[in-house]
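Asks: One structure is given below, represented as structure tokens, and several questions about it will come after.
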Amino acid sequence: MASSNSSSYEIPSYESSTSRTIKFTIILVLQIMSISCSIFLLFNVLTKSALYRPLHNHTIIVLGMISFFQTISDLPMVLAYLHLGQAPTTVFCLLWNFFAFSNYAVGIWVMTWASFERHLLIFHNNLIKTPRRRLALHYLPLACSIFFPWFYYVSLIFFYPCVNTFYQTLLFCGWCCYARNDPLVFFDWLTFSVIPTSSIIFLSVTLIIRVIRQKYRMQQQIKWRQHRHMIIQLLSISFLYILFDGPSTIIGIVQLFLPTFAVDVQILYLIYIVYLLPLSVPFLCLNGLHQLRTKNHRQTHPTLPLTQTQVALRR
């Protein structure tokens, strides 16, 4: 969501109340659906050990939690802004900046780590068999992916040595005052947009290539059926990040050379399209939890003989 251009996001003159109402309605409907899905997802995750014990589910569960938090913290502020046509208070502006950028940064960092960790879980599973290795190669990187972006934006938005001047009719109220520091904004954009998005694309593509190569080797060390769900689970969510975040990142790169390139498109559409990401993630997380779907499948066919049920579950 961060941009390489530190100038304020102004509302173009042709942004009408009708267009704001359309955006408000679409986001509100999707928000209600997403919150309902997230509550169902979190309830099952917190009450079923078969869901939260497997290591490969941890990043997916965290992504679902992050998306839920963004849906109940950041998105209501977006809706208020669209409804009123401006931010109501300066405190609102400060919190809006914090929730918008910290939630996004945490989500994309966790997704980047999940993309890398799938390579470990599938091709180097022996590296995380001991508790000490699991701590070093699973829990600590996941914790860093959550807390580093959060602490980074706490210090940047609340403690950066400058005075905020908010313009409540502008998107994100014109950003916090740290945005006047162009090198800092450029670092912010690289760290939480360009590098993570590029890494997700690269790691997802290489995962597909490695799996295909491994599958067709004469002496397979990896069973496709055993890891199919982990791979599909990752690639489906990776596709969302690439689809919704990729265009904004590409435009940001072009703007390094052409500062005014597609600025109106970015402000009117792409920033709001990025919000479709947290709204969609819970549905893919729910679909990606194979244990939950397996349990539901079993409940849907209570009269099947045991042998038939086992065959159905293998498909």
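Asks: Look at Y178 and say whether it is under 21 Å from the mean Cα position of the chain (by Cα) and more than 15 Å from T90 (Cα to Cα).
Replies: In short, no.
Asks: Now a separate question. Can you work out which of the residues in the range 248-284 that are under 17 Å from A105 (Cβ atoms) and among the small types (G, A, S) is nearest to the chain's Cα centre (by Cα)?
Replies: In this case the residue turns out to be S248.
Asks: Under 8 Å between Cβ atoms, which residue pairs at least 6 apart in sequence (or on different chains) link something in the range 189-204 that is touching a residue at least 24 places away in the same chain (Cβ under 8 Å) with a partner that is of a type in the set (D, E) and open to solvent by less than 10 Å² (accessible area, probe 1.4 Å)?
Replies: S193/D245; T197/D245
Asks: Just checking, does the range 98-114 include any residue being within 30 Å of Y167 (Cβ to Cβ), touching a Leu at 6+ places or on another chain (Cβ under 7 Å), part of a helix (DSSP H, G or I) and open to solvent by less than 10 Å² (accessible area, probe 1.4 Å)?
Replies: yes
Asks: In this structure, does I222 turn out to be open to solvent by 10 Å² or more (accessible area, probe 1.4 Å) and at pLDDT 85 or above?
Replies: So I222 does not fit the description; no.
Asks: Which pairs turn up if I take residues in the range 16-33 that are under 14 Å from V78 (Cβ atoms) and look for partners that are open to solvent by 60 Å² or more (accessible area, probe 1.4 Å) with beta carbon separation below 7 Å, at least 6 apart in sequence or on another chain?
Replies: Sorted first by the residue in the range 16-33, then by its partner, the pairs are F24/H83.
Asks: Among (1) over 16 Å from the mean Cα position of the chain (by Cα); (2) open to solvent by 20 Å² or more (accessible area, probe 1.4 Å); (3) more than 23 Å from F116 (Cα to Cα), there is one condition R53 misses while meeting the rest; what is its number?
Replies: For R53, the failing item is (3).
Asks: Test L292 against the stated conditions and say whether it is over 24 Å from S198 (Cα atoms), of a type in the set (A, V, I, L, M, F, W, C) and either open to solvent by less than 20 Å² (accessible area, probe 1.4 Å) or at pLDDT 85 or above (or both).
Replies: Taking the combined requirement at face value, the residue satisfies it.
The values are calculated or read from the model by the stated rules, or taken from the named source; none is laboratory data. Just so it is clear, the structure is predicted and the values come from calculations on it, not from any experiment. Neighbour counts run over all protein chains shown; Cβ positions are idealised from the backbone, glycine included. SASA here: full protein model, heavy atoms, side chains in, ligands and nucleic acids out. Shrake-Rupley method; radii C 1.70, N 1.55, O 1.52, S 1.80 Å.
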